[in-house]
Each structure stands twice: as C-alpha cells, then as structure tokens.
Amino acid sequence: MTDRLSRRGFLASTAVALGTAGLAGCASETSGPQARGQGDAPKEVFTAPSRKLSGSLTILMWSHFVPRHDRWFDRFAADWGRRVGVNVRVDHINTVDVPRRAASEIQARQGHDLIQHIAPFSQYEPAVLDMNDVVQEASRRWGQQIELCRRSSYNPNTRRFYCFCPGWSPDPGNYRRSMWQQAGLPNGPSSWEELLTGAAEIKRRTGVPCGIGLSPETDSNMAARALLWSFGASEQDAAEKVVINSPEAVAAVEYMTRLWKQAETSEVFSWVPASNNQALIAGKSSYILNSISAWRTAMGTNPKIGDDVFFVPALRGPKAALAAQHVIQQWIVPKHAANPDAAKEFLLHYTANFPSVTYQSELYDLPGWPSLVPQLNGWLDKDPFGSKPPNKLALLKNAASWSANIGYPGPSNPAIGEIFSTNVLPTMFGRAARGQVSARQAVADAEWQMNAIFKNWRDRKLVGG
C-alpha cells in the first residue's frame, strides 16, 4: 500500500497494524520502554494482531496543543499501518469543534470509528460501546489505573466504561515570577486569597490582569470547579445528588466576582480555550489556570517570557486545595463504528506506547497507567526539552493528589457530562460577576438547570441519587 499524506492534520490511506479486541486472546505488549537518557525519545513497541484484520479505521481527534505530538502520532499510525492491512485515516480538528462533530455523527449514526475528546463525553453513553474489555486488558497488562482516569470513564450505575481513558494532563497555576515578585510573592500564590490580593496589586502596578476565564469554554469550566471544590462546594455529592445550592457555592461565586472586579478585564467573558494561553505568551496575564502548553509555546516563541513562567499546584481555599484535570482523554467507539475491534486494539497499542505519548507531547500527557512510564519522574526532575531551571515541572510528580475528576466527589456521569458541555458553571459565575443577578440567585438558577438535567438522566437509570 502507498501512503498519501495530505495537508497537516489528515493522514489518509495508511495501513495500520491492528488486532482483535477479544482481549483475552490479544498478543501481549511489553510495558513502557525506558528512555536511554535525558532527551532521548523512547523506543516504540509493536504487537502483531492475534488475527488478520481488514477494512479501514477512521479516527477523529483534537489538534494537540503541542504540535510535536500530532507529527509523531501521524507517523506512528503510518508506520504501524505498513506492517498489517488495515487502512487508517486520522482527522485532527480544533478541540472546540470536536463536540459538535461528535454529536452530529452520533445523531446521524455514521462517521468515525474512534473519537477522542479532552473533556467529559459521558453524555454519549447510550450511543457508544462499552469499553470494559479494553480497560480490563489494559489493567491486566499494566496494573492499576489511576482513580482520576477511572472515575472519568466509568459509570457505577450501569457498570459500563463509556470511554477509554489512557491519559490526562494536570491543571496547575501558571504565573509570571517577575510580576509576582513585585507583589511580594516570588513563588506565586498558594491560596485563592493570595491570588486575589497579589493579582489585584499586579494589575494596579502594571496594568496586567489575571487570566481566569468566565466564558462558555473548557478552561473556564475547569477553573469554576477548582474554585467550588476549594470552597467546599460541588455540583453533586458522592451519591450523585445535586448539592450546588449551598453557602459555600455562594461564597465561591462572590469571591470570583471580587477577583474579576479587582484583577481582571471584560475579555474573560468571551475567551476560547486558547485565549489564556495567548494572553500569557503575549505578556498580558500574570496568572492563568492551564496545562503546560502555553509555557512550552513561549519557550520557543518568546524565551524571555517562557523562562519567567513558573507553576503552582492547586490553590488552597477555605476547605480544600483541589484542581480539575486540564485534559482528560476520552476515547469513545460509537455504536455506528464499522470496525470496533480495530478501534479497541488501536487503543491498546497507543496505550502501550504511552512513554512516547508523554515524551512527544513534551510531558503534557501523563499516563493513566503509571507503570507504563517509569521514567516520568526523572523527566519532571530534569526536563528533556530544556526548561530553566531543569526541574520546573517537578511539582507535577504528585499532581494526581491535588487533582479531581469532573463531577467530584461523584463520578463523571452523563448528567455531569451534559452540565459541562452546556457550560452551566461558567455561566453561573459570569452572570454574577457581570452584576446581572446576585451570587445567591446565580447559584439557585444553576441548581434549577442541574436538577432538570439530573432528572432526565436519572429517569433513564444512568445516574444515581
């Protein structure tokens, strides 16, 4: 077969080695290979399929925030394809377009065999295949999956894995050290209260605002949850009962209103997922909640700012110090998939090569099965890509301890997925910050929306409580 590589983002008609997902009979793959030294890319592993496959496999996924990953991924698929006879097409699209495209294909009952998104897709559980067999096989090979990834992919009410979650990305605070030194906090804020006082002082001195979004988009959704959890509030409790209407939630909304008035600008009401990255790289934000991608970009395009960006873990609130994950890999196989066995085996092969995923994403993507990447802590202590200082990312070694799944303290059930995708929480915070309603009314309105969503899914026996 010949490989035809069209414009960036589309890999067409490449043969990819894929095996059956009968899984008990899958050929075994070795665990994550060791990098030979700092800066050396890990070797990839390959598993011959346990039976001959044919046909094609189509994959829809986001355009990664670290472009190096997609260049690697497309080559990875092409190389695998040359070894067996399944044709694979990989379509990369902007992350904000993935939910709309997935919804359209699922409604039409035709489209890609395998879809990846970076936020909860639990609302599609009725329309996707159970991934329990893939998860069981992955756990047999590589041990225990981290709880964050498990709770982001498993519905305890139906006992189904509605998606496969092999990796995730933390959401630390990104801050400009030179600016925070002027505010008397050279190591950045450690609490939400320090964020407010420090960011307000920086804005007063320099005119540079803080960058916490209040827009209907992914990053604002993550920030909203981190703030709620740290104040002792949440959307649901562990039993999946709506509990948003609480004094703690009202206090969190009141805090966000103060932060916006004292330290932000109106731009945050119209941000998209790339906006806070762009603001930090351009020197127009003192602090953002984000993965490491903005900093990685700055390292190449504006090293002066890149060297000045440092990280802090989840900010401490009155009750806790928790952050949402920034990215949670959600790989779904829709029921309309023409080649589900190939899709499932591809996921196992991709997961087996997670050392390469982590390395080629420049340490953006962390493993859901930690045993696969034993060299991770070494990379975080001494960045293979030349950070200054080399251990700038060392705080991510325990990121799972201060990160929580969307829906915490309950699971990422279909109701939570719908609440996330319809941006109920950033809208709640934004309405109060703008002065359209009081904090108390904003929370009460959000509760009304959430109760309606939960009732719909509970009536379908897909949510507990």
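The values are calculated or read from the model by the stated rules, or taken from the named source; none is laboratory data. Keep in mind the model is a prediction, meaning the values are calculated, not measured. Using ideal geometry, Cβ is built from the backbone for each residue, glycine included, and neighbour counts are taken over all protein chains shown. Only protein heavy atoms, including side chains, enter the accessible area calculation; ligands, DNA and RNA are left aside. Shrake-Rupley method; radii C 1.70, N 1.55, O 1.52, S 1.80 Å.
Summary table
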read-out: Distance in nm between pseudo-label sites at Ser371 and Gln436 (7 Å out along the Cβ direction from Cα); value: 5.0 nm
read-out: Amide H contacts under 5 Å for Arg160, placed H, 5+ residues apart; value: Asn155
read-out: Debye, to nearest 20: dipole size of the range 61-196, +1 on Lys, Arg Cβ, -1 on Asp, Glu Cβ; value: 340 debye
read-out: Label-point gap, in nm, between Arg100 and Glu44 - each point 7 angstrom along Cα→Cβ; value: 3.2 nm
read-out: At R0 = 45 Å, FRET efficiency that the Cβ-Cβ distance of Asn456 and Ser266 yields, to 0.05; value: 0.85
read-out: Tensor-based shape of the range 228-321 (alpha-carbon gyration tensor, a/c under 1.5 rounded, otherwise prolate or oblate); value: prolate
read-out: Whole-Hz couplings from phi, Karplus 6.51/-1.76/1.60, listed for the range 134-149; x for Gly and Pro; value: 5, 5, 4, 5, 4, 5, 5, 7, 10, x, 7, 7, 5, 4, 4, 6
read-out: Computed [θ] at 222 nm, helices only, for the chain once each DSSP H run of length n ≥ 4 contributes -39500 (n - 2.57); value: -11500 deg cm²/dmol
read-out: Karplus-derived HN-Hα couplings along the range 198-208 (A = 6.51, B = -1.76, C = 1.60, θ = phi - 60°), whole Hz, x at Gly and Pro; value: x, 5, 5, 5, 4, 5, 5, 7, 10, x, 8
read-out: Accessible area of the chain belonging to carbon and sulfur atoms, whole % at 1.4 Å probe; value: 49 percent
read-out: Subset of Lys43/Lys382; Lys52/Lys397; Lys43/Lys335; Lys241/Lys284; Lys261/Lys397; Lys284/Lys455 violating a 31 Å alpha-carbon distance limit; value: Lys52/Lys397; Lys43/Lys335; Lys241/Lys284; Lys261/Lys397; Lys284/Lys455
read-out: DSSP-loop trypsin sites (Lys or Arg not before Pro) across the range 129-174, with at most 14 other Cβ within 10 angstrom; value: Arg159
read-out: For the range 283-290, Karplus couplings with θ = phi - 60° (6.51, -1.76, 1.60), whole Hz, Gly/Pro x; value: x, 10, 8, 8, 7, 9, 9, 6
read-out: For the chain, size of Cβ-based charge dipole, Lys and Arg +1, Asp and Glu -1, in debye; value: 360 debye
read-out: Size of electric dipole in the range 358-465: Cβ of Lys, Arg +1 and of Asp, Glu -1, about Cα centre, debye, nearest 20; value: 240 debye
read-out: Cα gyration tensor shape of the range 292-441, rounded if a/c is under 1.5, else prolate or oblate by comparing a/b with b/c; value: oblate
read-out: FRET E, pair Thr197, Glu147, Förster distance 45 Å, beta-carbon r, rounded to 0.05; value: 0.85
read-out: Cα gyration tensor shape of the chain, rounded if a/c is under 1.5, else prolate or oblate by comparing a/b with b/c; value: oblate
read-out: Rel. contact order, % - alpha carbon contacts under 8 angstrom, at least six apart, the chain; value: 25 percent
read-out: Normalised contact order of the range 242-383, rounded percent, pairs of Cα under 8 Å and 6 or more residues apart; value: 12 percent
read-out: The range 128-246: relative contact order in percent, alpha carbon pairs under 8 Å with at least 6 residues between; value: 12 percent
read-out: Dipole axis of the chain (+1 Lys, Arg; -1 Asp, Glu on Cβ), positive-most option in Ala138, Thr422, Ser361; value: Ser361
read-out: Where the chain is the region considered: accessible area per residue in Å², 1.4 Å probe; value: 37 Å²
